[in-house]
Amino acid sequence: MAGVSLAKVRKTYPGGAAAVHEMSLEIADREFVVLVGPSGCGKTTLLRMIAGLETPTAGEVLIGGRPVNGVAPKDRDIAMVFQNYAIYPHMTVYDNLAFGLRRRGVPPEEADRRVREAAGILGIDALLDRRPRALSGGQRQRVAVGRAIVREPKVFLFDEPLSNLDARLRVEMRKEIKLLHRRLQTTMLYVTHDQVEAMTLGERVCVMNAGRIEQSGAPLEVYDNPATRFVAAFLGSPPMNFLPGRLRRSETRTLFEGRGFVLALPEGMTVGAEAFDLPVELGVRPEDLADDPQAAPQTFIPGAVELVEALGNEQLVHVLCGEARIISRREAHLRAPPGAAQRLVPRPDRLCLFRADSGSRLDARRRTPTP
Amino acid sequence: MRWLRPAILAALLAVTGYPLVWMTFSALRTEGDLRAQPFALPMRPSWENYRAVFAGAGFGRAYVNSLLVACAAVAVSTGAAAAAAFAFARMRFRGREALFLLFLAGMIIPPHVTLISLNRLMGPGGLDLKDTYLALIGPYAGFALPMSVLILRTAFEEMPRDLEDAARLDGCGAFGIFWHVALPLARPALATVVIFNALTIWNEFAFALTLVSDRGMRTLPLALWEFKGERGMMLGQTCAALCLAVLPLLAVYFAAQRQMIRGLTAGAVKG
């Protein structure tokens, strides 16, 4: 068992393109950490540096406290599951699982025991004699995971392992990976661009953007208190609504002047003086917006229903507020016909303010957690 | 135009297949019969021609020589080409592209241009290898390299990077990746290279004529040629000898073409 630390790790490709900027990250022993971000944000490069498949331009990678910068991938005591499965097409499932053990000189009886045990865990015992081309996508992914399990590594690395599976299978495998972590009690680092996987799998998520970690923390904590506009927009589906505007001070309250409306900000929301000179964006999540026809002035965002997406258990109401489009998530039975006037009242304790230019968070107050 | 493609294929088959059929039939007919009616069918098949071929001097020996030389040259060229192609496809080193171009440049040298210099090189005062197997194996393997490297490099380049990474994590070094993963996956390309080289080497005449003068070291093309020289073109016997000469090529072809079936990489990565 071992943790992983990255100390000021940087990766610059020949030609000057920086994939990962100076980055430090501590992953505790047995922790399940998810690196999430859009494609090209450097998350896979980071994972490959930990695996030893890429060499960091600068900085140090430590696994279990041991610096591994010059250590070959095979000697790092890690296992990796690839997005494309990367199982050997010319070998049977059994040989795929056993190959790494044989290369390491594990005695045949021991290798056989481990292969059968892993196959049992993953429910692929009946497929051991088959070749990869005779397997479905989900079965191939199980083989890929099995190949990692038999190695009994200190650290598991997952590189978008579910992105080639269909939606139903993805949900199923997500659950199995979570259970696998509980069962094996091993450090796991999981890379994905899927925010649902990030929210559901990780004990901790690190949201990455353009080669940097924007925010790191427990999934719900990051969801509730995004440090930047990028994080706020990336986590959550549909994403957070952003309304451009400026701040103004009245005698008693801070007012947000949007395009065509004024909203009084809640009293607990403290904003530094510099925020009043800047263009800002007000952020509010779809589930924190309710329609209230009786809403008092300066407590709502006015608009009209553009369209409604009924999802069965809930509905997504798209509201046009001047030029801005806002999505409000509501219970399925509330009626909102197209064209109907809306007074969208945000939950006062769940508003966020961001600088329009840099996207950094302006309000000091922490939002109350998702109920 | 549904019929067009089958029609063209049938015509091609007739053009390429007929000489083979004629050769096979003619080998089973007596010389007199053959001279009288060159295109008739063998109504009373006779194995006399085959017997005569083996009774004549040196055909069996030439056959064995050819087998030895061809097997060795194909093995050497394919092995060396695979190793070189793997390095060109999957390893980074200084001067890689320049070196590769140099290999390819070998393809634009007509082999026969080198005959005189090779003759000197192999002769006394040079390597002194004339009338040995090595005199033929070396040049054959060398001239087979450029094309083989080109074909195999393309095949190795097609191997997904993830597979290479997986093998590295599984404990393979460069050779392990080459041996356990890249080579088995390149079987279709290897089969192509083997067939192509075997065919060229088996039929090679000019080098053999130049570099071998000892009758006991002659290869099959030289032995076949002598059917014409010594006996005033014995048609039936020549056909019988040719039939025998074709057999190993057919064997190589059928053994290797099963490997050429596409889709061997299916299942490696998604899709």
(request) Run down the aspartates and glutamates and flag those whose C-alpha is under 12 Å from the C-alpha of B:Lys130, throwing out any fewer than 8 positions away in its chain. (result) B:Asp214
(message) Can you list the DSSP H helices in chain B whose Cα atoms extend at least 20 Å along the helix axis and whose mean Kyte-Doolittle hydropathy is 0.5 or higher?
(response) B:4-27, B:59-90, B:133-157, B:187-203, B:235-257
(request) Between B:Pro19, B:Pro188, B:Pro139, find the one with the highest GNM mean-square fluctuation for chain B; connect C-alpha pairs within less than 10 Å. (result) B:Pro19
(request) Would you grab the residues whose amide H sits under 5 Å from the one on A:Met208? Only those 5+ places off in sequence or on another chain, please, with H modelled 1.01 Å from N. (result) A:Val36, A:Gly37, A:Glu214
(message) Not counting ligands, DNA or RNA, and with a 1.4 Å probe, what is B:Leu199's accessible surface area in Å² rounded to the nearest 10?
(response) 80 Å²
(request) Arrange the residues B:Phe54, B:Phe156 by how much accessible surface each exposes, largest first, with a 1.4 angstrom probe. (result) B:Phe54, B:Phe156
(request) Report the accessible area of B:Trp179, computed with a 1.4 Å probe over the heavy atoms of all protein chains in place, in Å² rounded to the nearest 10. (result) 140 Å²
(message) Buried by at least 20 Å² relative to the chain on its own: which residues of region B:163-198 qualify, computing accessible area with a 1.4 Å probe on protein heavy atoms?
(response) B:Leu163, B:Asp165, B:Ala166, B:Arg168, B:Leu169, B:Asp170, B:Gly171, B:Cys172, B:His180, B:Val181, B:Pro184, B:Leu185
(request) At 1.4 Å probe size, with every protein chain present, just tell me what the per residue accessible area of chain A comes to in Å². (result) 43 Å²
(message) From the helices alone, meaning DSSP H stretches of at least four residues, give me the mean residue ellipticity at 222 nm for the protein assembly as shown, per-run term -39500 (n - 2.57), in deg cm²/dmol to the nearest 500.
(response) -13000 deg cm²/dmol
(request) Order B:Asp170, B:Asp128, most accessible first, counting only protein heavy atoms with a 1.4 angstrom probe. (result) B:Asp128, B:Asp170
(message) Give the lysines whose C-alpha is closer than 25 Å to that of A:Lys175, dropping any in the same chain fewer than 8 places away, or say none.
(response) A:Lys43, A:Lys154, B:Lys270
(request) Go through A:Met49, A:Gly64, A:Leu25 and say which Cα lies farthest out towards the positive end of the charge dipole of region A:17-65; charges sit on Cβ, +1 for Lys and Arg, -1 for Asp and Glu. (result) A:Met49
(message) At 1.4 Å probe size, put B:Ser117, A:Ser163 in order of accessible surface, largest to smallest.
(response) B:Ser117, A:Ser163
(request) Identify which of B:Cys243, B:Cys71, B:Cys172 has the largest mean-square fluctuation in a Gaussian network model of chain B, with springs joining Cα atoms closer than 10 Å. (result) B:Cys172
(request) Summarise the accessible area of chain B (1.4 Å probe, protein heavy atoms) by the percent that is carbon and sulfur. (result) 70 percent
(message) Quick check: at a probe of 1.4 Å, how many percent of the accessible area of region A:4-230 sits on carbon and sulfur atoms?
(response) 48 percent
(request) For chain B, just say rounded, prolate or oblate: build the C-alpha gyration tensor, square-root its eigenvalues into a ≥ b ≥ c, call rounded for a/c under 1.5, and beyond that prolate if a/b exceeds b/c, oblate if not. (result) oblate
(request) Anything in chain A that counts as a DSSP H helix reaching 24 Å or more along its axis (C-alpha) with Kyte-Doolittle mean of at least -1.0? List them, would you? (result) A:167-184
(request) Note down the net charge around A:Pro244, summing +1 for each Lys or Arg and -1 for each Asp or Glu among other residues with Cβ under 13 Å from its Cβ. (result) +1
(request) Ignoring everything but the protein chains, give the 1.4 Å probe accessible area of A:Glu152 in square angstrom, nearest 10. (result) 100 Å²
(message) Running a GNM on chain A with Cα contacts under 10 Å, which residue among A:Leu157, A:Leu128, A:Leu311 ends up with the highest mean-square fluctuation?
(response) A:Leu311
(request) Please average, across the residues of A:47-53, the number of beta carbons from any other chain that are within 10 Å of each residue's own beta carbon, and give a whole number. (result) 2
(request) May I ask for the accessible area buried between chains A and B, both sides summed, probe 1.4 Å, to the nearest 100 Å²? (result) 2300 Å²
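The values are calculated or read from the model by the stated rules, or taken from the named source; none is laboratory data. Just so it is clear, the structure is predicted and the values come from calculations on it, not from any experiment. Cβ coordinates were reconstructed from backbone atoms using ideal geometry, including for glycine residues, and neighbour counts include every protein chain displayed. Heads up: the accessible areas ignore ligands, DNA and RNA and are worked out on the full protein's heavy atoms, side chains in. Shrake-Rupley method; radii C 1.70, N 1.55, O 1.52, S 1.80 Å.
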